[in-house]
Structures are given as structure tokens and as C-alpha cells.
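In what follows, a structure is listed as C-alpha cells, so that the remarks can point back to it.
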């Protein structure tokens with residue numbers, strides 16, 4: 001029996017043929033890939049089975065940045081020029097200048113198809129009315145998600161970020177069924193509705209909260225909090241600014257996200273240290289790696305996403321289901337133990353309403369190695385309760401196996417974000 | 001010979017047939033129009049020639065607001081329900097709650113076609129790279145303009161508002177040829193580039209500035225200032241949140257905007273006081289009135305736009321060219337003379353760089369009638385120059401025939417907007 005795979009068995013033949021052609025195109029049109037393949041002594045002909053992708057070299061974010069710096073604006077990895085590009089997005093990353101992501105008409109159509117497929121899996125149907133509460137500018141989860149909502153035939157209400165009053169107005173008057181946003185914003189907007197409008201978010205009658213763009217939607221306590229606030233079901237999607245807006249999506253009631261990108265992307269799970277392939281069996285954990293099967297502009301080959309995922313189980317037909325546990329960039333190592341700040345947040349969330357749920361890990365220097373104890377600031381909730389800090393320390397030690405020093409701070413002092421929320425800060429930096 | 005008309009002679013037959021069918025649909029599906037037509041004793045059959053549109057009653061913004069309040073969310077004038085609506089925009093107006101503007105797939109396609117037609121007339125071609133620097137959320141000039149840019153095959157860089165740093169970054173690295181924004185923002189962004197980045201906007205090499213969303217692009221000195229700042233040609237478009245994103249657009253080098261909405265809209269020019277039709281001959285002035293020929297959701301019949309325009313001349317084929325001189329809502333009456341605050345701004349702009357160009361008219365109470373003198377605050381520019389106030393007063397008296405009292409204020413004190421700029425404020429209100 002074959003090992004479980006993200007690519008559907010029915011699609012494997014087509015993916016093999018399409019990707020082989022794609023690799024040929026890259027060698028002809030992209031100096032970046034031509035040189036990279038030559039350096040590694042590999043040619044498109046070597047791609048003679050899906051598994052043979054492992055013969056090809058990895059690429060990473062820094063390589064793309066350097067490629068763009070060397071040949072602005074789209075980079076030496078781009079296989080078409082600006083004349084064929086219909087739209088430019090940006091991958092903001094966690095630091096520094098954005099890198100540009102160009103999209104041709106064909107790329108845009110593939111994104112719409114993939115994103116619509118993901119959102120259908122999350123339960124979106126033509127009769128839904130969706131508040132799009134995510135950035136509509138350079139953010140890859142913006143305009144392409146709008147295209148998908150309209151492709152499905154649902155009603156799109158373009159709110160963007162920073163317009164909570166308009167979001168609430170739309171929800172109270174347009175028969176809105178669905179909110180699409182980051183999990184941070186789904187949480188923030190509920191807080192806004194309660195505190196600024198004095199209303200219960202449940203009054204709006206939403207049934208679906210579709211989140212993505214950052215981890216959080218898969219953290220059980222964080223998700224439970226959002227579901228309780230809105231009285232709606234949370235599902236999450238996972239995408240990548242350099243690859244596609246949504247590539248994995250969760251059907252309500254399943255235990256994880258399934259690959260929904262069809263024949264457009266070859267997905268691998270690898271050991272982040274050795275780079276070796278990992279079979280996506282239940283319980284497996286590793287880093288996602290993407291190869292574009294038919295991308296025209298800014299194509300990627302074995303792109304290391306830094307997204308750390310675990311396989312939570314299998315769908316009825318044997319397809320792997322996953323959860324993202326955090327980004328390698330954010331991962332901390334305390335006494336040899338891997339700790340994701342999002343896991344700390346989820347633990348603290350379990351003590352809501354005694355905590356507000358907001359936390360920040362304070363780092364003495366650049367990670368990932370952190371001298372113990374792990375310094376955590378957490379907001380108290382209903383009232384100050386000095387025993388709470390110790391309680392959180394015990395919880396972190398018990399569940400995450402690392403010693404922590406918790407400081408309680410007043411509600412609201414750790415800031416709120418309408419986009420992605422940062423869960424760490426360097427010591428000496430202000431809370432954003 | 002027929003009087004000049006906004007509808008092309010070749011389109012008149014189709015417009016007549018389509019609009020007659022549209023009026024039939026409205027009577028069947030929209031209680032608002034059924035009752036309105038009955039009250040005025042008029043039936044769709046009365047529309048037996050283009051000119052016969054004058055038999056039908058006017059509609060106005062307040063009627064649409066009341067219609068939406070009576071039958072939320074889309075109103076009694078809507079001819080389809082939310083199930084057929086793919087997107088909801090809002091008309092913010094100058095005051096109060098937004099009113100919703102629903103769009104079906106067919107409406108969206110018509111908007112894309114009209115908007116692309118307008119932008120082609122403004123000179124946009126497939127090889128252009130466009131920074132879209134206008135709101136991408138509920139604003140009608142946002143997402144539909146994006147659709148038009150992509151329809152033309154140009155490259156769309158979605159920046160939106162409030163992201164001047166990103167706009168400048170895009171301009172300095174993506175080979176941007178074109179900025180689409182409000183005239184206020186085109187001006188503000190140049191100021192931002194000079195003052196915050198210490199660069200000359202001309203360094204970016206833009207060739208086209210396409211403005212709309214508010215008056216200003218047609219004010220000669222204001223336009224000249226923007227053209228000089230960017231070293232690029234300014235063209236303007238005119239739309240209406242309730243009707244279509246762009247309905248009139250200017251070809252570079254022509255003296256005004258031409259109707260570019262094809263068969264989708266029947267445009268009239270009327271006397272704003274008597275409501276009588278005015279032939280759009282050179283020199284004529286009046287209010288624009290729109291009737292939707294084939295709109296499915298939120299259709300309009302003889303909608304009074306409040307946009308005051310003058311016919312500046314005729315295109316080579318006899319089509320009228322117009323400039324918008326302001327909105328009736330903003331018009332002031334001083335000693336019986338009509339004064340548009342935008343005209344005051346344009347006069348003050350002629351004294352740049354001795355003034356920054358920013359002004360605000362301070363009103364003792366709700367307009368339009370203002371006791372003389374007209375109170376104007378204007379920012380000084382390079383340095384304070386007390387003779388300047390008197391000079392502006394003389395200029396306003398000479399050109400606009402009204403007495404004015406001008407107060408000079410420091411640069412920056414009248415605020416800057418990344419969207420539409422307000423040119424008036426009530427006495428006692430803070431500068432925004």
C-alpha cells in the first residue's frame with residue numbers, strides 16, 4: 001500500500017506531467033532555477049515520479065529575497081516579466097521589506113479556484129453573506145479571497161481592517177452569516193462589539209467564522225473562546241503568501257485541515273532538521289514544503305514554508321488532516337524543548353475570564369534559544385488575582401515542560417491587532 | 001439637427017428598448033417604483049422616446065435612504081434580493097450612515113465594462129503598472145476599479161489608503177507608471193514623498209495620474225500643482241456611488257470629461273431649480289441626472305446626483321465634454337452668488353508656494369446661504385506673509401464676486417486627508 005499523500009491518487013499522473021513541463025519551463029526562463037538545478041546536478045528529466053521531487057534542492061524565503069534584490073522587482077526566479085503580471089501582492093514576512101509576489105491572469109485564476117475550493121470545504125455556500133474583515137491591499141488573503149467569495153456566489157461585504165464600526169454596522173443590517181478574518185481579529189471584533197457598542201456578538205446571528213493568516217484558529221481554547229463569543233463555528237485555512245492564499249482548509253467537525261489545492265501544488269512534509277521526507281501519517285509532525293505545479297510568475301520549487309504542522313488524523317478517504325502548530329521562525333527552544341508562543345497563549349486562554357487571554361513572551365535576545373525561565377506577560381481578566389501568575393506557571397510547566405516566570409498586566413496593555421498579532425517581543429521593546 | 005446628447009446616436013435605439021424593458025421590470029419587482037410611478041400617473045409605456053424620460057419623476061438620495069430604512073437592507077427600490085447580490089458597497093454621502101449599494105453579477109460586469117471604458121479613455125493601457133491608492137473596501141471607486149485595471153490587462157498594485165510608505169516603496173521598485181486616487185491623495189502623497197522621504201516625486205517616473213471621487217482634478221491650479229509635483233499628466237473621471245464607479249472620463253489633452261457609460265445609463269442635464277432639461281451645449285451648466293438602463297439591484301430612475309457641471313465644449317464627434325464644478329450640497333450662496341468651496345481652493349492654489357494650497361471655509365451655520373464676508377482660512381506656505389491674506393481677499397472678490405475675510409494659519413494646520421478632503425467646517429468645530 002502506498003504511504004498517505006497530500007496529492008489525491010487520481011491527480012498524481014497529471015501532477016507528474018504538469019510539473020515536469022513546469023520544471024522544463026523554469027530551466028529555460030528562470031536564471032535562478034537554471035543555476036540552482038545545475039549546482040545540484042539535477043535536471044527536469046530527473047522528475048520521473050512524484051517521490052523524485054526529493055532529488056531537487058530546497059528554496060527558502062531568504063533566497064527569494066536575494067533573487068528579488070538581484071533582479072528587481074520580481075526576481076531571478078520569476079518566469080515572466082511585468083508585462084504579463086496583472087496584480088502584485090506582497091509577502092510581508094515577520095521582518096524587513098516586503099517581497100513582491102506577481103500574479104498573471106492564469107495564476108489569478110488558479111488562486112481563485114484553489115481559494116474557492118478551500119472556502120467551499122469550510123462550508124461557504126452561495127446563500128452566505130460574508131464580511132471580509134482582512135486586509136484588501138497587498139495581503140494575499142485579501143483580493144484573492146474576495147474573488148473566491150464571488151466565485152462561490154456568496155455575497156461579499158468588503159470591510160477590510162481598521163473599520164470595526166462598519167463591520168458591526170454591516171453585521172447588524174445585512175444578514176451577514178460569515179466573518180472571514182484572522183483569528184486575532186475575530187477575537188478583537190467580539191471585544192469591540194461588547195465594549196464599544198455594549199452588544200453581545202451573538203445578537204448578529206453569524207453562523208460561520210472562517211479564519212486564517214496566522215496560527216490561532218487551531219488552538220483549542222482560543223478557538224473555543226471565539227466560538228463562544230460569536231455563537232458560530234470556527235474553521236481555519238492555511239495558505240502561504242508566496243504560494244497561494246489558502247492551500248489547506250477544514251471542514252466543520254473534522255479534526256484538521258485537508259489539502260485543497262488540487263493539481264496546482266505538490267506538498268511535502270519534511271523533517272525541518274534533516275530535510276528528509278516524512279510520511280503524513282497520523283501523529284507525524286514536520287515542516288510543509290511546496291512546489292508550484294503550474295505557476296507562471298514567481299514559481300516555487302521545494303519552498304520551505306517554516307510552517308510546523310502535525311498530522312491530526314485521516315479524512316474518510318485516507319487524506320491527511322493537519323494542524324499548524326506555529327512557524328519555525330517563532331519557535332523558541334527552552335532547555336532543549338521546542339515551545340511555540342501560540343501554545344502558551346492557548347494555555348492562558350483556558351483560564352478565561354480570569355485572564356483576558358492576551359499574552360506576550362518577552363525574549364532576552366533573538367531566538368530561538370531562550371535561557372530559562374520563559375518570561376511571559378499575561379493580562380488579568382475580570383479582576384487582579386495574584387495567585388493567577390503562579391497558576392499559569394504551573395500550567396506551562398505541566399503542559400509544555402518548561403519553567404516560566406509569569407507577570408500579570410492590566411487588560412488591554414498588551415495591545416490588540418486587527419491583523420496578525422505578535423506574541424513575542426524583545427526585552428526593552430515597547431508593547432506594540 | 002438634434003440637440004447634443006450624452007447618449008451616442010448609434011446607441012439611442014438600444015437604450016430606448018432596454019430602458020423600456022427595465023421600467024417594466026421595476027413596476028413588477030420594486031414597490032418603490034410601482035408606487036412612485038402611480039403617484040405621478042406615469043407608466044412604462046410612456047417611455048416612447050429618449051426625451052420622454054422627462055415624464056418620469058425624479059428620485060434623490062433622501063428617498064433612497066428612506067426606502068432602505070423601510071425595507072432593509074437594500075430598500076424598496078431594489079429589484080432583486082440579497083441572494084442575487086454578489087457584493088455590497090456603500091455610498092457614504094457627506095453625512096450620516098452609509099446607504100448600501102448591492103451589485104449582482106450582471107451589475108458587476110456592467111461596472112467593469114464602464115469603468116474599463118473610462119480608464120481606457122484616460123489613457124490606461126495593458127503595459128501600465130497602476131498604484132491603486134483609493135479605498136478598497138466599501139468605496140465604489142475601490143474594488144470595481146481594480147476589476148477594470150485587470151480587465152484592461154494593466155498591472156494592479158493594491159495599496160489602498162493610509163499606506164503612503166508602501167505606495168512610495170511600490171513606486172520606487174515596481175516600474176509604476178500610473179497613480180489612481182482622489183486628487184487630495186495625489187497631492188498629499190507628493191507632500192509625503194517630499195517631506196517624509198526627502199525625495200522628489202518626479203524621481204518615480206510616473207506618467208499618468210488618474211483622479212476622481214471628489215472635485216479637484218478639474219480645478220486648473222490644483223491640477224497644475226499635482227502635474228508639476230509628479231511630472232505626470234492628470235486626467236479625471238466622474239462617477240456616482242449609487243450609479244457606477246466612473247461614468248465620465250477625460251482623454252488627455254481634451255478640455256473635459258466625456259460620457260463613457262455606453263448603453264448602461266441615460267444621462268440628463270437639468271436646471272437644478274426648475275428641473276427642466278438643459279441641452280448639453282457648450283457653456284451650458286446644470287445638475288447631472290442618471291437613469292439606470294439595465295441595473296438589476298438598486299436601480300435608479302432620474303436620480304438627482306447633486307453634481308453641478310458645466311459643458312466645456314464638444315468632442316470631435318459632437319459629444320459634450322464636461323467639468324464638475326462642485327456638489328450642490330457644498331454650494332454656498334453669498335449675496336445671491338453661487339460659490340463652490342473648491343473654486344476658492346483653486347484660487348488660493350494659484351499663489352503656491354506662498355500658500356500651501358490648503359483652505360477651509362468656516363460657516364456660521366448650515367448653508368447654503370452665508371452672510372458676507374465669506375470666512376476663509378488658508379495655510380501660508382514657505383513663510384508667513386501678512387500681505388497674503390489681503391491678496392487672497394482681492395482675488396476672491398475679483399474672480400468669484402463675493403467679499404471674503406481671509407485668516408492665515410500655519411502649514412499643516414488644516415489637516416490632510418488620504419481620501420476625500422472636506423473644504424468647509426461649521427464655526428466652532430475643530431479642524432479634522
Legend entry - Residue check, residue B:201 at pLDDT 95 or above and more than 24 Å from residue B:121 (Cβ to Cβ): yes
Inset, instruction - Could you check residue B:186 against (1) away from chain A (no Cβ under 11 Å); (2) in a loop (DSSP other than H, G, I, E, B) and say which number it fails? - result: (2)
Legend entry - Which numbered condition residue A:378 misses (of (1) under 24 Å from residue A:212 (Cα atoms); (2) part of a loop (DSSP other than H, G, I, E, B)): (2)
Inset, instruction - Go through the residues of the stretch B:350-366 one by one and say whether even a single one is under 16 Å from residue B:400 (Cβ atoms), under 20 Å from the mean Cα position of the chain (by Cα) and part of a helix (DSSP H, G or I). - result: no
Inset, instruction - Tell me which of these residue B:175 doesn't satisfy, since it passes every other one: (1) over 23 Å from the mean Cα position of the chain (by Cα); (2) buried (at least 24 other Cβ atoms within 10 Å of the Cβ). - result: (2)
Legend entry - Enumeration of residues in the stretch B:272-284 that are in contact with a strand residue (DSSP E or B) (Cβ under 6 Å, 6 or more places away or on another chain) and at pLDDT below 95: B:272
Legend entry - residue A:398 part of a helix (DSSP H, G or I), more than 26 Å from the chain's Cα centre (by Cα) and modelled with pLDDT under 90: yes
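Would the stretch A:404-414 turn up any residue that is assigned to a loop (DSSP other than H, G, I, E, B), under 18 Å from residue A:183 (Cα atoms) and in contact (Cβ under 8 Å) with a residue 24 or more places away in the chain?
yes
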Inset, instruction - Mind counting the residues in the stretch A:1-44 that are under 21 Å from residue A:277 (Cβ atoms) and free of Cβ contacts under 8 Å to residues at least 12 places away in the same chain? - result: 5
Legend entry - One residue from A:350, A:291, A:316 being assigned by TED's automatic domain parsing to the domain that holds residue A:272 and within 23 Å of residue A:255 (Cβ to Cβ): A:316
Legend entry - Candidates A:65, A:120 - the one that is more than 23 Å from residue B:154 (Cα to Cα) and out of contact with any helix residue (DSSP H, G or I) (no Cβ under 9 Å at 6 or more places or on another chain): A:65
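The values are calculated or read from the model by the stated rules, or taken from the named source; none is laboratory data. In this text the structure is predicted, and so the values were computed from the model without any measurement. Note: ideal-geometry Cβ built from the backbone for every residue, glycine included; neighbour counts use all protein chains shown.
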